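Everything below concerns the one structure shown next.
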Amino acid sequence: MNRALAALAALMATLLACGGAQTQASHRDHLELIPEGQALAIVADVVREAGLEVGPPFAVDIGAARPLEVDARVGQTRFGIEWVSPQDHADYGEAIPTPPADGSLLILPGRGDDNDIEVLVLDAPRYRFDPDPDAVYGGALSPNEAEARLRRDVRDFLEYCRGQL
């Protein structure tokens with residue numbers, strides 16, 4: 001009986017330790033964003049891997065008080081890709097909507113003279129990751145997974161672009 005109680009106590013201690021680690025990981029407040037420079041380098045890599053050129057930044061009317069400076073043009077097409085930071089959301093307000101919660105892409109149309117332009121909105125908070133390896137082991141999104149999601153979204157947009165040309 002003492003052996004059974006000792007085994008049960010050991011099992012309970014193990015379960016409490018695991019539960020404590022999971023609780024700590026699940027309540028982490030410190031998620032990080034992919035830095036903008038790194039994100040734009042990933043975007044450029046994916047565009048080049050698709051056999052396209054990365055065009056220079058350009059301005060587009062999105063219905064805000066000032067034009068949006070889009071980070072990259074896809075080749076010499078009417079398509080652009082913009083990394084949207086929390087500051088961009090603050091600066092442009094509702095002119096840059098939050099992407100759908102279901103993970104689908106947000107493609108922002110130009111307005112006025114720019115109504116033929118379409119811009120992929122890469123919402124920086126959508127690519128948050130946990131830098132803590134223990135949290136990642138417990139199921140949190142890793143830096144590599146966040147980058148893979150970014151690559152996938154850009155590839156999906158490029159497929160959309162090809163279908164529109």
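The values are calculated or read from the model by the stated rules, or taken from the named source; none is laboratory data. Note that the coordinates shown come from a computational prediction; the quantities given were computed from them, not determined experimentally. Methodologically, a virtual Cβ is constructed for each residue, glycine included, from the backbone with ideal geometry; neighbour enumeration extends over all protein chains shown.
Can you confirm whether segment 118-130 contains a residue that is more than 19 Å from the chain's Cα centre (by Cα) and either hydroxyl-bearing (Ser, Thr, Tyr) or within 23 Å of Ala50 (Cα to Cα) (or both)?
Taking segment 118-130 first, the residues more than 19 Å from the chain's Cα centre (by Cα) are none.
No, segment 118-130 contains no residue that is more than 19 Å from the chain's Cα centre (by Cα) and either hydroxyl-bearing (Ser, Thr, Tyr) or within 23 Å of Ala50 (Cα to Cα) (or both).
Are any residues in segment 67-109 hydroxyl-bearing (Ser, Thr, Tyr) and in contact with a helix residue (DSSP H, G or I) (Cβ under 7 Å, 6 or more places away or on another chain), and if so, which ones? Result: Thr77, Ser85. Of the residues Val74, Val70, Val84, Val43, the single one that is closer than 19 Å to Arg152 by Cβ, among the β-branched types (Val, Ile, Thr) and either out of contact with any Leu (no Cβ under 7 Å at 6 or more places or on another chain) or at pLDDT below 95 (or both) is Val43.
Yes or no, residue by residue, for (1) assigned to a loop (DSSP other than H, G, I, E, B); (2) in the same structural domain as Ala44 (by TED's automatic domain parsing); (3) of a type in the set (A, V, I, L, M, F, W, C):
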position	(1), (2), (3)
Arg66	yes, yes, no
Glu69	no, yes, no
Ala90	no, yes, yes
Thr98	yes, yes, no
Pro131	yes, yes, no
Ala140	yes, yes, yes
Glu147	no, yes, no
Leu150	no, yes, yes
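On the stretch given as segment 105-129, residues that are under 19 Å from Val84 (Cα atoms), assigned to a loop (DSSP other than H, G, I, E, B) and at pLDDT 95 or above total 4.
With the condition kept exactly as written, say whether any residue in segment 7-29 is modelled with pLDDT of 55 or more and in a strand (DSSP E or B). Outline the logic, then answer.
Initial filter on segment 7-29 (modelled with pLDDT of 55 or more): 29.
Next, only the ones that are in a strand (DSSP E or B) stay: none.
The answer is no, given that none of the residues of segment 7-29 is modelled with pLDDT of 55 or more and in a strand (DSSP E or B).
Residues in segment 107-165 that are among the small types (Gly, Ala, Ser), on the phi < 0 side of the Ramachandran plot and in contact (Cβ under 8 Å) with a residue 12 or more places away in the chain: Gly110, Ala124, Ala135, Gly138, Ala140, Ser142, Ala146.
Screening Leu106 against (1) exposed (fewer than 13 other Cβ atoms within 10 Å of the Cβ); (2) within 19 Å of the chain's Cα centre (by Cα) leaves a single unmet condition, (1).
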